[in-house]
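Every read-out reported here was derived from the displayed coordinates using simple, explicitly stated rules and does not represent laboratory data. This is a predicted model, so every value here is computed, not measured. Methodologically, a virtual Cβ is constructed for each residue, glycine included, from the backbone with ideal geometry; neighbour enumeration extends over all protein chains shown.
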Number of protein chains: 2
Amino acid sequence: MTDFLARRDSWSTANCSIAGALDVVGNRTTLLLLREASFGTRRFDEFARRVGVSEPVAAARLKQLVADGLLDRRPYREPGQRTRDEYVLTDKGRDLLPVLAALREWGDTYAVDEPAVRLAHHDCGAAVHVALRCAAGHDVPADEVDLLPGPGLLPS
Amino acid sequence: MTDFLARRDSWSTANCSIAGALDVVGNRTTLLLLREASFGTRRFDEFARRVGVSEPVAAARLKQLVADGLLDRRPYREPGQRTRDEYVLTDKGRDLLPVLAALREWGDTYAVDEPAVRLAHHDCGAAVHVALRCAAGHDVPADEVDLLPGPGLLPS
DNA sequence: CGGCTGACTTAGGGAAACCAAAGCCAGCTA
DNA sequence: TAGCTGGCTTTGGTTTCCCTAAGTCAGCCG
């Protein structure tokens, strides 16, 4: 089991968590819609306009996000207005925020000149960034990460 | 500037770091190739086979990754073999590991039953996960993140 | 009750991404 | 020098994603 990396033809494709995640959010528009939801956008036309996507595409992707359980669609009413639907993040959707934060951080460094948004800690105002940590509380640099077989590989 | 979130029609699309990052890696195959590179895969046919993608697609995506500076293509030779090319992560590509780690963590929770791989801290063996932290060293839960205008918005 | 607005859906079409099958070329190996 | 293998490229076709333009439907507003 020590050099299971060398035999990864058997498991690289199958049962991969990254591939599973990408089956749900492996698409530009979907992630940008989640970005908007994390900014607090709730209404259909605002999603479409702010993501820069046509209405049919916004409708299709939002529907898929609701079906996948990342957004919750529920009726609401502003005073003096008719009932509408709004889309809000579920816990499952909110758990993707680290992905968005990691993409943002990479994009800040490599893809844009001046970031339009920065994340700050509400309590102390310091900049927020993504870090790898171990359960014992250590910061883990990329070169101190070991890959080990998980429970999905033990039966083999 | 306090409620700049309410006026985000002006900046949501333009100059977004997430959109910029997705222009480079916003595609399933590309991220899976980077996953393989992070596992140590180097040769063309191994990339194609392990990602589960056809050779023409592997060739096109690897070429794009090299052009974008995420992979380095360089000749190497095994003893008694002819010279070949291998693909290895650059620093720019390695900086995407938090994105892969965040996707993996979400997929472990929501997309697969039993993860095939787990990440451990080389020094202590404890499980590695992705966390949001502020520059002052605090752990930052998702609901303690403030969105503030960045330098790219100040001129407006 | 007729118009307007928000939230979509439908129709038609183009571009991008993928596939399988086959071809090409360089350079060991026999 | 004739094959074999690794690393691609070419060809032709399908699926996915996105577009614009137009239509639908509900319900508040006049």
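Values for this structure:
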| read-out | value |
| --- | --- |
| Surrounding net charge for A:GLU46, when Lys and Arg each add one and Asp and Glu each subtract one, Cβ distance under 13 Å | +2 |
| Where the Cα pairs of the stretch A:26-100 fall when distances are cut into 10 Å bins, in % | 20, 56, 21, 3 |
| Overall Cα dimensions of the protein assembly as shown, principal axis frame, Å, largest first | 79, 44, 42 |
| Net charge, B:GLY69 excluded, C-beta distance under 15 Å - Lys, Arg +1, Asp, Glu -1 | +1 |
| Computed over the stretch A:4-153, Kirkwood Rh from alpha-carbon pairs, angstrom | 18.3 Å |
| Residue among B:VAL140, B:TYR87, B:ALA37 farthest towards the positive dipole end of chain B, charges placed on Cβ | B:TYR87 |
| Residue among A:ALA59, A:ALA102, A:ALA120 with the largest mean-square fluctuation in a Gaussian network model of chain A, springs linking Cα atoms under 10 Å | A:ALA120 |
| For the stretch A:57-141, the Rg and Dmax computed from alpha carbons only, in angstrom | 17.7, 55 |
| Only Lys, Arg (+1) and Asp, Glu (-1) charged, at Cβ; chain A dipole about Cα centre in debye | 840 debye |
| Shielding of A:141-149 by partner chains, average beta-carbon count, 10 Å | 6 |
| Average other protein chain Cβ within 10 Å of Cβ, residues B:32-41 | 3 |
| Check: the stretch A:20-99 dipole with +1 on Lys, Arg Cβ and -1 on Asp, Glu Cβ, in debye | 200 debye |
| Charge-dipole axis of the stretch B:4-153 as Lys and Arg at +1 and Asp and Glu at -1 on Cβ define it, positive-most pick from B:VAL25, B:GLN64, B:HIS122 | B:GLN64 |
| In order through the stretch A:95-112: 3J(HN,Hα) via Karplus (6.51 cos²θ - 1.76 cosθ + 1.60), integer Hz, x for Gly, Pro | 5, 8, 4, x, 5, 5, 5, 5, 5, 4, 5, 5, x, 4, 7, 10, 10, 10 |
